[in-house]
Amino acid sequence: MMHCARAQRLISLDIDQRLSARDVVRLQVHVGACPDCAALARQMRTTVAELRVLTGPVSDDRFIRGLNARLSDGNALGTTKMTRPQIGRGRWHIVGACTVCAAIALVLAAHLNLDMSARSRDAEVSRTLTAARAHALTYAATSPLEDVAAANLAAHYAADRSAEKPGYE
Amino acid sequence: MSDGGSGLLVRRLPPRVHLSLAALGAVGQLALMAVASDAQLRPREPTALPVAASVEQPSAGRERALMRRFLLSGQRIPYYAEQTTRIIGARALESRQVVKHGGVMRERIEYLSPARLRGEVMLVNGDGLWHYRPLPEPRISHGIAHRDAVADMARDLLAAVRAKRVSVRLVGTEVVADRAAAVLELRGREAGPYKRIWLDEATGVRLRNEAFSSAGVMLSTSYFTRIDYSVRYSPGEFTPASLPSAPVDAAVPASPPLASVAEAQIGTSFSIREPSLPVRYSLKGVWVSGTGRKRSVILRYSDGVNALLLVQRHLADQASRRVGPPASTTPQRRWGVAYWVSDDMVYTLTGTVRPEIMRRIVESLR
């Protein structure tokens with residue numbers, strides 16, 4: 001049984017008459033049984049047929065004139081008449097590129113600002129932790145009941161990110 | 001020849017034999033003296049004795065006597081020991097060290113293993129702790145402790161035992177590093193983390209210690225595998241000059257202990273907060289480190305057996321902006337220290353607490 005994904009690929013090849021006879025038969029059996037693929041096949045055939053009206057590569061100007069002619073006949077594409085803008089396309093490209101670059105620059109600047117602030121905060125936290133560790137080890141080294149060797153070992157291998165477990169981790 | 005009167009046959013021994021017998025007698029006497037001396041240092045008690053067999057006086061008196069010996073004479077006796085330390089947690093960790101103890105505030109711990117700790121030295125002298133770390137780059141950190149720190153803590157602990165804020169119980173005797181040791185269990189007034197210490201019955205030196213959570217789970221232990229009391233150390237053994245050459249970090253804390261939080265508040269730009277703790281904990285010391293906006297405040301609390309160290313510091317202006325996700329109320333951990341950021345302040349907490357007490361502390365500092 002052919003899957004729809006494969007059938008949809010074969011529909012395109014079938015239109016281009018690039019399928020083997022066996023695949024043509026299999027595709028026809030699937031399309032006959034699958035309403036979705038049947039609708040897709042009809043739509044693709046219609047589209048290809050319309051595209052074949054356009055013979056050969058056309059320049060931008062010829063395309064626009066042809067399109068305008070069809071639009072003036074009130075076809076399905078609507079009644080609005082598109083006109084070729086008077087300003088050169090190159091300038092709009094430059095404006096668009098500048099806008100994109102400015103947006104990227106703004107995003108990068110905001111990101112860098114956030115990054116620097118985060119790093120600054122991390123540095124402050126690290127300094128505080130360093131002081132805390134030094135003070136804790138000093139206390140453990142001078143208190144008769146503490147175990148400075150265990151405290152130092154824990155400081156080296158602290159891996160647990162949660163404080164839910166008691167004691168050294 | 002014979003002695004006609006007694007019937008005993010007496011031989012006149014040649015001088016060489018006299019000398020030999022005299023030498024044998026002297027050697028035998030020396031051997032006896034050595035055995036007797038050794039017996040004093042190394043009694044041949046079995047590994048474990050029932051408590052009753054080793055108690056010579058009422059239990060409370062014996063326990064306090066052991067504690068006094070531990071806190072007073074036990075701190076003064078020089079020794080050389082080899083020690084193993086274990087931490088039991090998400091994974092078991094172990095290290096081995098050489099411990100050279102020259103007296104009160106004179107101790108040197110040299111790490112033998114694991115590889116990442118090999119070469120580290122922790123040196124305690126009258127100025128506090130000098131901690132040399134060869135990795136990742138050679139550095140020395142200096143934690144200040146005044147000369148009487150040990151004596152003050154010993155006095156406080158004995159007072160806590162007398163006032164029954166700390167309970168001391170003899171729970172057995174064992175042999176550690178070939179020394180007969182009495183096992184004492186120390187607990188605060190309320191249920192909480194507790195400790196056991198093994199004290200050399202003859203010298204009062206601590207041979208082993210174990211730390212337990214409130215649930216009775218062992219968290220860490222250090223124990224001597226060998227101890228030698230016949231050592232003598234040179235004065236230079238416990239000076240910072242004996243450490244390998246390395247840059248020294250600024251000392252922490254920079255000030256001597258202050259009398260109160262109010263005194264620490266003077267000159268501190270942020271409002272010092274005190275955590276909500278179980279009633280058994282009392283404030284034992286306040287320190288400040290740094291100046292101006294870079295000031296840290298250190299509060300030390302103790303229940304007599306366990307200590308909590310809380311450090312608080314105001315984050316600098318550019319660092320305090322809310323960046324990224326809001327600060328989590330669940331503390332993170334680094335280097336064995338719990339820390340969290342709240343209201344432009346960073347807090348760190350060192351010590352053993354149950355999760356609900358940790359949450360209570362975090363909430364009270366918001």
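The values are calculated or read from the model by the stated rules, or taken from the named source; none is laboratory data. Keep in mind that what you see is a predicted model, and the values were worked out from it rather than measured. With ideal geometry, Cβ positions are generated from the backbone for all residues, glycine too; neighbour counts draw on all protein chains shown.
Considering region B:332-353 alone, what residues qualify as being outside any strand (DSSP E or B) and either more than 34 Å from the chain's Cα centre (by Cα) or at pLDDT below 85 (or both)?
Those that are outside any strand (DSSP E or B) and either more than 34 Å from the chain's Cα centre (by Cα) or at pLDDT below 85 (or both): B:Trp335, B:Gly336, B:Asp343, B:Asp344.
Take region B:95-105 and flag every residue that is modelled with pLDDT under 95 and touching a strand residue (DSSP E or B) at 6+ places or on another chain (Cβ under 9 Å).
Within region B:95-105, just B:Met105 meets the criteria.
Can you find a residue that is modelled with pLDDT of 85 or more, among the hydrophobic types (A, V, I, L, M, F, W, C) and not in a loop (DSSP other than H, G, I, E, B) anywhere in region A:105-121?
No, there is no match, as no residue in region A:105-121 is modelled with pLDDT of 85 or more, among the hydrophobic types (A, V, I, L, M, F, W, C) and not in a loop (DSSP other than H, G, I, E, B).
Could you please give the count of residues in region B:91-109 that are closer than 28 Å to B:Ser255 by Cα and more than 8 Å from every other protein chain (Cβ to nearest Cβ)?
6
Would you pick out the residues in region B:223-272 that are among the charged types (D, E, K, R), more than 14 Å from chain A (Cβ to nearest Cβ) and in a loop (DSSP other than H, G, I, E, B)? If you could, list the steps in order and put the result at the bottom.
Start the filter on region B:223-272 by keeping residues that are among the charged types (D, E, K, R), which leaves B:226, B:228, B:232, B:237, B:249, B:263.
From the residues that got through so far, the ones that are more than 14 Å from chain A (Cβ to nearest Cβ) too are B:226, B:228, B:232, B:237, B:263.
Residue satisfying the conditions is B:Arg232 alone.
Scan region B:67-121 residue by residue and report those that are part of a strand (DSSP E or B), of a type in the set (D, E, K, R) and either free of Cβ contacts under 8 Å to residues at least 12 places away in the same chain or surrounded by fewer than 18 Cβ atoms within 10 Å (Cβ to Cβ) (or both).
Of everything in region B:67-121, those that are part of a strand (DSSP E or B), of a type in the set (D, E, K, R) and either free of Cβ contacts under 8 Å to residues at least 12 places away in the same chain or surrounded by fewer than 18 Cβ atoms within 10 Å (Cβ to Cβ) (or both) turn out to be B:Glu82, B:Glu94, B:Arg96, B:Glu110.
State all residues of region B:128-144 that are within 10 Å of another protein chain (Cβ to nearest Cβ) and of a type outside the set (Gly, Ala, Ser); if no residue qualifies, say none. Spell out the reasoning first.
Narrowing region B:128-144 to residues within 10 Å of another protein chain (Cβ to nearest Cβ): B:128-131, B:133, B:135, B:141-144.
Within region B:128-144, B:Leu129, B:Trp130, B:His131, B:Arg133, B:Leu135, B:His142, B:Ile144 qualify.
Among the residues of region B:178-204, write down those that are among the β-branched types (Val, Ile, Thr) and either within 11 Å of chain A (Cβ to nearest Cβ) or not in a loop (DSSP other than H, G, I, E, B) (or both).
Of everything in region B:178-204, those that are among the β-branched types (Val, Ile, Thr) and either within 11 Å of chain A (Cβ to nearest Cβ) or not in a loop (DSSP other than H, G, I, E, B) (or both) turn out to be B:Val183, B:Ile197.
Residue check, B:Arg360 against (1) touching a helix residue (DSSP H, G or I) at 6+ places or on another chain (Cβ under 9 Å); (2) at pLDDT 85 or above, all met but one. Which one?
Answer for B:Arg360: the failing condition is (1).
Within region B:254-297, how many residues are in contact with a Gly (Cβ under 8 Å, 6 or more places away or on another chain) and closer than 29 Å to B:Tyr194 by Cβ?
Selection size over region B:254-297: 3.
Check off (1) among the aliphatic types (A, V, I, L, M); (2) assigned to a helix (DSSP H, G or I); (3) modelled with pLDDT under 65 for A:Ala159 and give me the number that stays unchecked.
(2)
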